[in-house]
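The values are calculated or read from the model by the stated rules, or taken from the named source; none is laboratory data. Note that this is a predicted model, so its numbers are computed, not measured. Don't worry about glycine lacking a Cβ; one is built from the backbone with ideal geometry, like all the others, and counts go over all protein chains shown. These area figures cover heavy atoms from the full protein model, side chains too; ligands, DNA and RNA do not enter into them. Shrake-Rupley method; radii C 1.70, N 1.55, O 1.52, S 1.80 Å.
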Amino acid sequence: MADRLSIRCVDHIGNVEAAHLATTILMSGNPYLVYGTAWKNKRTAQYVSDAIHAGFRFIDTACQPKHYNEAGVGHGWITATQELGLKRSDIFLQTKYTSYAGQDPNNVPYDHHAPVEEQVKQSLAASLKNLQTTYLDSLVMHSPMDTMDDTLKVWKVMESFVDEGKVHQIGISNIYDSEKFQILYNEARIKPWVVQNRLYAESNFDTELRSFLKEHGVKYQSFWTLTANRNALATAEVKELAQAKGLTPQTYMFAFLMSLGYITPLSGTTNKGHMAEDVAVMERMQGGETIIADEKEQHLMAQLLGLPDAGFPDL
């Protein structure tokens, strides 16, 4: 197996280089990974700190105590940035508004009896407090509401947060119906900047939806990326492709998706070694290396994942 130790780039005075900060990465258009924080419970703060120390600069969470410890994310990024000499603007914080249907009824972070517009406002207030910040880089609707009318109500409130400077960008997650997304996109005054979905066979890898996103410049964040595709990643063919690039099958998968230009995978690993591996492949690509440039190799990887070439508009 390839040596996966990540080299965290620092300058001569010990500060992390500007090239590896969130704002610089976004401005450059370079690929990156997002650190996902679901199901980490009481160890969330430590894992987030570990991820930032490893080189992650983009953090995803949710105002959903059922599956996320948002306050732990706040403690984790604060601790890590203080230790590394980073600023708030060097880290990208993304969280989500989760409807009552997705909450633990015994631990809801807002008044679920209030109108939905007020619920969204209370959720944002809770997130800002938990994350110890005055603004969010991204706020995502965790899933569409039960009706399009309510989905648009939530979206309009999120748009108002952008107007007020409390949120920089807005998006939506767990939306697998391309037509439903297109309605939201067309109705929105402030367009979604991102869709975050599971990338797996059961949704046909979001073929139709991703084609629309790519055409309209909307980013696609993939979660459950490794777990949902573990059978393909265990094949001898993928292992051979990865080894030839000095990668593991998992980081080869990340490289494949990032090479498409509009897909940003989430990594939720709690293993420091795997964090280092993830950051290492990200830094190789940010440094200008084209890990997967051969079109035949892209086609082969698509086939090994179990999807036709049409499943990736780029191929």
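Descriptive notes on the structure:
- Check on Glu118, within 21 Å of Leu26 (Cβ to Cβ), out of contact with any helix residue (DSSP H, G or I) (no Cβ under 7 Å at 6 or more places or on another chain) and either part of a helix (DSSP H, G or I) or at pLDDT below 95 (or both): no
- The numbered conditions (1) open to solvent by 10 Å² or more (accessible area, probe 1.4 Å); (2) under 15 Å from Gln196 (Cβ atoms) are all true for Leu136 except (1).
- Taken together, Leu199, Leu226 contain a single residue that is at pLDDT below 95 and buried (at least 20 other Cβ atoms within 10 Å of the Cβ), which is Leu199.
- Screening Thr251, Thr235, Thr264, Thr270 for residues that are within 23 Å of Pro192 (Cβ to Cβ) and not small (Gly, Ala, Ser) leaves exactly one candidate, Thr264.
- Summed over the stretch 258-282, residues that are of a type in the set (A, V, I, L, M), more than 15 Å from His20 (Cβ to Cβ) and in a helix (DSSP H, G or I) total 1.
Here is a yes/no grid of residues against (1) among the charged types (D, E, K, R); (2) in contact (Cβ under 8 Å) with a residue 40 or more places away in the chain:
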site: Cys63; (1), (2): no, yes
site: Lys66; (1), (2): yes, yes
site: Gly72; (1), (2): no, no
site: Gly76; (1), (2): no, no
site: Thr81; (1), (2): no, no
site: Ile91; (1), (2): no, yes
site: Tyr97; (1), (2): no, yes
site: Gly102; (1), (2): no, yes
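- Entirely in the stretch 1-106, the strands (runs of 3 or more DSSP E) that have 1 or more residues that are modelled with pLDDT of 95 or more and either open to solvent by 50 Å² or more (accessible area, probe 1.4 Å) or small (Gly, Ala, Ser) (or both): 34-36
- The residues on offer are Lys180, Lys191, Lys156, and the sole one that is touching a Pro at 6+ places or on another chain (Cβ under 7 Å), closer than 18 Å to Tyr97 by Cβ, at pLDDT 95 or above and surrounded by fewer than 20 Cβ atoms within 10 Å (Cβ to Cβ) is Lys180.
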